[in-house]
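Asker: Here you go, one structure.
The values are calculated or read from the model by the stated rules, or taken from the named source; none is laboratory data. The structure presented is a predicted model; accordingly, all values stated were derived computationally and were not measured. Cβ atoms come from the backbone with ideal geometry, glycine included; neighbour counts cover every protein chain shown.
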Amino acid sequence: MDCCRRNNPNERCALFLVLALIFDLIGFGLLLAGIFAPISFWDFFILSGPVLIFLSLIFWIFWYIGGLTVPYEDLLPK
């Protein structure tokens, strides 16, 4: 992926980091809205919040894997 081809380790896969944080925040917000808001369809919020938090794990894994570096010598055939 092109978003992971930066030289600075802090800039690697920033897109996946932002997506993971957005999914976590929205999921946590939906969960809290389902718990504390007096709405008639609260079960939708209580169930969809944790699903979004679970789906954010995909972006967290992509972010972590994209930040790994492999020395060039290990990529050469032996």
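Asker: Would you be able to tell me the number of residues in segment 37-78 that are assigned to a helix (DSSP H, G or I) and loosely packed, with under 10 Cβ neighbours inside 10 Å?
Answerer: So the count comes out to 4.
Asker: For segment 10-33, give me each residue that is more than 15 Å from VAL51 (Cα to Cα), crowded, with 16+ Cβ neighbours inside 10 Å and charged (D, E, K, R).
Answerer: Scanning segment 10-33 gives a single hit, ARG12.
Asker: From the list PHE28, PHE23, pick out the single residue that is in contact with a Leu (Cβ under 8 Å, 6 or more places away or on another chain) and modelled with pLDDT of 90 or more.
Answerer: PHE23
Asker: Say whether the condition of being free of Cβ contacts under 8 Å to residues at least 12 places away in the same chain and closer than 26 Å to LEU68 by Cβ is met by at least one residue in segment 26-46.
Answerer: no
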